[in-house]
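Note sheet for the following structure.
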Protein chains: 2
Amino acid sequence: MDRTAAEPAEGSLLLDDQLCFALYAASRAVTARYRPLLDELGLTYPQYLVMLVLWDQDSVSVRELGAALQLESSTLSPLLKRLEAGGLVTRERRPDDERSVAIRLTEDGARLRDRARAVPVAIGDAMGLTPEQDAMAKRLLRLLTVNVSDGGSGG
Amino acid sequence: MDRTAAEPAEGSLLLDDQLCFALYAASRAVTARYRPLLDELGLTYPQYLVMLVLWDQDSVSVRELGAALQLESSTLSPLLKRLEAGGLVTRERRPDDERSVAIRLTEDGARLRDRARAVPVAIGDAMGLTPEQDAMAKRLLRLLTVNVSDGGSGG
DNA sequence: CTCAATTAAATTGGGCACTAACAGATCGAC
DNA sequence: GTCGATCTGTTAGTGCCCAATTTAATTGAG
């Protein structure tokens, strides 16, 4: 079995031994790759993620968006105002609970979906992973996210 | 319906089909997990990454740091000024090439290394991946980073 | 029921990070 | 000495998190 590198020591402080750095670098590289594609749609990367949720399920509250994207409302509020200013969504208080704000697509926002369809195809192509590698990466990243989020220190 | 194992459609716009979202969420979750540990060291997460480089190799230029961390000088300059203000590093022009700025650890900065040793251990524990999963994740993330950075559209 | 306290949802403000675009200084070649 | 290239720093805009505030709904004591 050929192994790319030796097993790093348990408490290594070398940058290249850190999974966290590989994760951080990959995340920024992917976001950078999205940028020119999303520029054409007039979206930033987090805005694109919000639109993905709305294209799947229209009329969600800020709180529900935060739950889906694991983002705080203090991140979403200004972001949603920019989407509203761009004419892609509307924001209005829910009549039955005026603490909540319902986010809905405008016609422009709904129309953008067709143009956005090319984006994940192009990115998937650029990522250059086999379907098996893609599935494995998603599985590992979700496991990591769950473990790290749950305050669990269990191995 | 259960589509956890199903192969997502090529051009799916569902949030949960996107590897990019799994990556983005994992990256933020890991950073959040680091926060309380790094708070005790008086470091932010990117500052910690810079310190990892310096603990391995003292006296590096801004350019070299940028190459190691894949960050621009416009990110590093203010970050390094904060580290300098915190008394962890010094910045001075290189005598042989006064365009370059040499970043060096102060005694406090060097001393911090011992306290930092517990950090990757705690994080590794929280991540809860087996050594095989950890190695696989790093391998996939690096492959992803290279593919996505190289402008390659190859599959 | 009425009023105060508590909880919930969203917003606002401040600090750090990231990017793109630009400005200053220095080096090397000529 | 001039010119192009290199290295660093600065500025403006967005995103992210934390802490504090505002507004609305709920709960509890009388």
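The values are calculated or read from the model by the stated rules, or taken from the named source; none is laboratory data. All figures in this text were calculated on a predicted structure; none of them were measured in a lab. A quick note on method: Cβ atoms are made from the backbone with ideal geometry, for glycine too, and the neighbour counts reach across all protein chains shown. Protein only, heavy atoms only, side chains kept; ligands, DNA and RNA dropped before computing areas. Shrake-Rupley method; radii C 1.70, N 1.55, O 1.52, S 1.80 Å.
Laid out as a table, the results:
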{"read-out": "Overall form of the protein assembly as shown per C-alpha gyration tensor (a/c, 1.5; a/b vs b/c)", "value": "prolate"}
{"read-out": "5 angstrom amide H check on residue B:60, placed H, neighbours 5+ away", "value": "B:103"}
{"read-out": "Cβ charges +1 (Lys, Arg) and -1 (Asp, Glu), total dipole of the range B:16-145, debye", "value": "120 debye"}
{"read-out": "Set of the range B:57-71 residues, backbone N closer than 17 Å to the point 7 Å along the Cα-Cβ line of residue B:94", "value": "B:57-69"}
{"read-out": "Shielding by other protein chains, B:33-41, mean Cβ within 10 Å", "value": "1"}
{"read-out": "Under the Karplus curve 6.51 cos²θ - 1.76 cosθ + 1.60, θ = phi - 60°, whole-Hz ³J(HN,Hα) for the range B:65-78, x wherever Gly or Pro sits", "value": "4, x, 5, 5, 9, 6, 10, 7, 5, 5, 8, 6, 4, x"}
{"read-out": "Reachable lysines from residue A:138, criterion Cα separation under 25 angstrom, eight or more residues apart if same chain", "value": "B:138"}
{"read-out": "Estimated distance in nm for a label pair at residue B:59 and residue A:67, the labels positioned 7 Å out from Cα along Cα-to-Cβ", "value": "5.7 nm"}
{"read-out": "Under the Karplus curve 6.51 cos²θ - 1.76 cosθ + 1.60, θ = phi - 60°, whole-Hz ³J(HN,Hα) for the range B:79-85, x wherever Gly or Pro sits", "value": "4, 5, 5, 5, 5, 5, 4"}
{"read-out": "Cβ-based net charge around residue B:91, under 9 Å, with every Lys or Arg adding one and every Asp or Glu removing one", "value": "+1"}
{"read-out": "Euclidean distance of C-alpha centroids, the range B:31-77 and the range A:53-105, integer Å", "value": "34 Å"}
{"read-out": "Residue-normalised accessible area of chain A, given per residue in Å² at a 1.4 Å probe", "value": "54 Å²"}
{"read-out": "Sparse-neighbour loop sites [GluC sites (Glu not before Pro); the range A:83-130; at most 15 other C-beta within 10 Å; DSSP]", "value": "A:98"}
{"read-out": "Residue-averaged beta-carbon neighbours from other chains (10 angstrom radius) around A:130-137", "value": "5"}
{"read-out": "Total accessible surface hidden between A and B, rounded to 100 Å², 1.4 Å probe", "value": "6100 Å²"}
{"read-out": "Qualifying trypsin sites (Lys or Arg not before Pro) in the range B:62-110, DSSP loop, other Cβ atoms within 10 Å at most 14", "value": "B:99"}
{"read-out": "Percent accessible area from carbon and sulfur atoms, chain B, protein chains only, probe 1.4 Å", "value": "49 percent"}
{"read-out": "Calculated FRET value between residue A:74 and residue A:41, using beta carbons and R₀ = 35 Å, to 0.05", "value": "0.90"}
{"read-out": "Convex hull volume per residue in cubic angstrom - Cα atoms of the range B:16-145", "value": "130 Å³"}
